[in-house]
1. Alpha carbon centre of the range 174-248 versus the range 67-87: separation in Å?
2. Taking the square root of 5 times each eigenvalue of the Cα gyration tensor, what semi-axes in Å does the equivalent ellipsoid of the range 80-149 have, largest first?
3. At a Cα cut-off below 18 Å, give the lysines reachable from K144, other chains included and same-chain residues fewer than 8 away excluded.
4. For the chain, build the convex hull from the C-alpha positions and give me its volume per residue in Å³.
5. Quick one, can you get me the convex hull of the C-alpha atoms of the range 170-213 expressed as volume per residue in Å³?
6. With every protein chain left in place, what is the accessible area of M291 in Å² (1.4 Å probe, nearest 10)?
7. Order these peptides, 219-228, 64-73, by their mean beta-carbon neighbour count within 10 angstrom, highest first.
8. Note down the magnitude of the dipole of the range 210-299 about its Cα centre, charges +1 on Lys and Arg C-beta and -1 on Asp and Glu C-beta and zero elsewhere, to the nearest 20 debye.
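The values are calculated or read from the model by the stated rules, or taken from the named source; none is laboratory data. Given the structure is predicted, the values throughout are model-derived calculations rather than measurements. Methodologically, a virtual Cβ is constructed for each residue, glycine included, from the backbone with ideal geometry; neighbour enumeration extends over all protein chains shown. Accessible surface is based on the protein model in full, side chains and every heavy atom, while ligands, DNA and RNA are left aside. Shrake-Rupley method; radii C 1.70, N 1.55, O 1.52, S 1.80 Å.
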Amino acid sequence: MTTGQTPSTSRESVLAALRAQTIELPSWAFGNSGTRFKVFGSPGTPRDPFEKISDAAQVHRYTGVAPRVSLHIPWDLVDDYGKLAAHAADDGVSIGTINSNLFQDDDYKLGSLTHPDAKVRAKAVAHHAECVDVMRATGSKELKVWLPDGTNYPGQDDLRERQERLADSLQQVYALLEPDQHLVLEYKFFEPAFYSTDVPDWGTSLLHCLALGERAKVVLDTGHHAPGTNIEFIVVQLLRAGRLGAFDFNSRFYADDDLMAGAADPFQLFRIMYEIVRSDALRPDSGVNFMLDQCHNIEAKIPGQIRSVTNVQQATAKALLVDREALREAQQAGDVLAANDVFMDAFSTDVRPLLAQLRESMGLAPDPMAAYLASGYAERIAAERIGGRQAGWGA
Ligand code: LRH
Ligand code: MN
């Protein structure tokens, strides 16, 4: 801990902020995933949403900060969503964001909410009515929309008309929401489309959200930007506009790699969390949902999620340790090196002892990974989950 401790960086206030932090886990991270080349199976992989939620609950059990699980429809299709929500509660977690899926239906080849054919757009809107039903049945308040829509060749479709169709379709989806429910719209600069993407950047998502209403905000997936993008600058702008609804945390070396958050670029995650702390948006009532969106193609899934959660905690703890007064003084004085030094000092701080203390203060083992690996849960599910079809991206 640097000598420049100020009230905002006192150990107590940092611990309090970390104790209040929650990170939402993606159900699909516990199923099999891969690339177009291969999807690898692994012993003990869940066969249904109930088992996915039980595995997610293990992450909460050992980290204490992952109390919600996002669902993806229809990957997490069940007959009785009330039963699924009760199962989650029995396991000490709750259902979080409901994700629609507009990227696995043949009808959506040329688009979903932007498709030239009104019948196809109506089908895509209707899918969101199903998702809102799931929200009602599970108590979820957040509908997340990511659409793969785009074109592969110039001239393939009218770029402006697609935006008008999208605006109209999103209005219809927004109208499906209950007054206490909200929508978050995710952007991505390319893939699966390779010439134009209909929601390619934060500006386009923000424009549509502003047109929809107060309960529409932007999702920032850290893997969805062109290389070299200053993501924390986008965080600042969306917070200034009051329209940062959620993060999909992951990391990447090249494109939408969906690797463990903080694995490829821990400094970037720190810079992002610093802007969150700086704008006082870490508070549970800030309206920003911190989620993971990852695929554990080759590494063990539950440990992969535990590592990702603790990586986000480390970035957050370091961000909370930035000596804001010293930073401001150096910034005001135009002392470039001193300002950067204050920032790097926090990033260079080993916060693992602080996080171990946090967990002990929450009645948890100081090292969640070691505690999970020693629990025998991985061996138990590998022995029990014989037969059936392992869950994956195939509906
Ligand atoms: C799209 C995305 C989106 C999810 C999917 C699993 O790339 O980031 O958030 O629907 O991954
Ligand atoms: Mn995402």
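1. A separation of 25 Å, based on Cα centres.
2. 29, 10, 9
3. K123, K188, K217
4. 143 Å³
5. 78 Å³
6. It works out to around 0 Å².
7. Packing order, densest peptide first, comes out as 64-73, 219-228.
8. It comes to approximately 420 debye.
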